[in-house]
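Below is one structure, written out as C-alpha cells, with a few remarks after it.
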Amino acid sequence: MNLEHTARPLVEAAFANRKLLTDLHHRDAVEAVLAALDRGEIRVASPASESESEGEWITHTWIKQAVLLYFSIRKMETLNAGFLEYHDKIPVKTGLAAAGVRVVPPGVVRYGAFLEHGVILMPGYVNIGARVGSGTMIDTWATVGSCAQVGKDCHLSGGVGIGGVLEPASAQPVIIEDGVFVGSRCVIVEGLRVGKEAVLGAGVVLTASTAILDVTGPSVVEHRGHVPARSIVIPGTRPKRFPAGEFGTPCALIIGQRTEATDRKVSLNVALREFDVPV
C-alpha cells in the first residue's frame, strides 16, 4: 500500500478540519501512518539524495501531521510494563527482541518510533516519530525527542537532550547524521542538523540562533542551523554589548576536523587527544 497516495490526502484533510476525525476513514489513515512509522517503512524526514553529499534533508509534513492527529484520536489509558504503571495516550513500543534492539530498564521507546537493528538504549527515552540508525548507542538519561532523526553508528552520551520538533508540522526535526559523537549533557534543539562524523564536546548547546563559529582559520566563519561534517565542536562565548555593559554570550566553537583518512573510531580518539575535548 502506498500511503502517500492513500493516506496522505485523508491526513491532510483532517489536519485542516479536525471534525473529519469523526469519520472512520480519516482515523484509519492516521493509524496506518503511525503503524508504518513504527515499522520503519516511512520516516518523518529523509535525505534529499541517497549519498547525502549535500547534507540536505526533506521533511514530510503530512507524516508529522499524522503524528499530531494521533494524539487527538487516542484516549488516556493505564499501561503496564511489568510492575511499572503508566497513564498515557501512546503505548510503548513492542517487539524489541525480534527487531534486534537492546533496551535496558527503565529505558522507554514510545510507539511510532523506529530503532534499527543493533541500537542500544540505556535507561533513556525515544519519543514518537523518532528514528535511530543501526549501531547507535543512546546512553543513560539521554533523550531522543519526537520526530528526531539519528543516524547509524552514533553515540549519544549520558544526559544528552535531542529536542523534539512537532510544530509547526512543516518544521525540520533535529537531524544527527551518521557517525556523530555527542558528549555528555549536550542539548540540540530547534531543527539543528549535525553533519556526519562530527564530535560535540560535553555541554555544547545548539539552538536555531546559536552562532557556530569555525575558528580554525585566519578569520572566523559563522554557521547557523547546522554543524559541518567532521567538525570538532566545544562550548564557547563571544562578547556582546548590552545597555548595562559588555558580556559573554554563548556560542559553539569549531576547533578542528576529524580526519577522513582514518577509521571513525580511531579518528575520534585522535581528535579527543589532540584537541583535549571534554566528553
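We did not get these values from a lab; they are worked out from the coordinates using the rules stated. For clarity, every value in this text was computed on a predicted model and none was experimentally measured. Methodologically, a virtual Cβ is constructed for each residue, glycine included, from the backbone with ideal geometry; neighbour enumeration extends over all protein chains shown.
Using 0.36 nm per residue, how much length does the chain from Arg39 to Val104 gain when fully extended, once their Cα-Cα distance is taken away? Please report the intermediate quantities before stating the final value.
Numbers: separation 65, 0.36 × 65 = 23.40 nm, distance 2.07 nm.
Result for the pair: 21.3 nm of gain on full extension.
Among Glu197, Glu31, which comes first, second and so on when ranked by fewest other beta-carbon atoms within 10 Å?
Numbers: Glu197 24, Glu31 16.
So the residues, fewest neighbours to most, are Glu31, Glu197.
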Would you mind calculating the gained length between Glu85 and Glu31 on full extension (0.36 nm times residue separation, minus the Cα-Cα distance), in nm to one decimal? 17.0 nm
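Over every pair of different alpha-carbon atoms in the chain, take the mean of 1/r and invert it; report that Kirkwood radius in Å.
On the way: mean 1/r = 0.0505 Å⁻¹.
In the chain this quantity evaluates to 19.8 Å.
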Between their Cα atoms, which of Lys19/Lys89; Lys75/Lys152; Lys93/Lys152; Lys93/Lys196 are more than 23 Å away from each other? Lys75/Lys152; Lys93/Lys196
Counting other C-beta atoms within 10 Å, which of Asp178, Asp88 has the fewest, and how do the rest follow? Asp88, Asp178
At 7 Å along Cα-to-Cβ for each site, give me the label-to-label distance between Leu21 and Phe247 in nm. 4.1
Column: log10 I(q)/I(0), Debye, Cα scatterers of region 1-115, q = 0.09, 0.14, 0.19, 0.21 Å⁻¹: -0.30, -0.69, -1.07, -1.17
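Return the loop-located trypsin sites (Lys or Arg not before Pro) in region 24-84 (DSSP other than H, G, I, E, B) with at most 14 other Cβ atoms within 10 Å of their own Cβ; answer none if there are none.
Values: sites: Arg27, Arg39, Arg43, Lys64, Arg74, Lys75; in loops: Arg43, Arg74, Lys75.
For trypsin sites (Lys or Arg not before Pro) across region 24-84 that sit outside H, G, I, E and B with at most 14 neighbouring Cβ atoms in 10 Å, the list reads Lys75.
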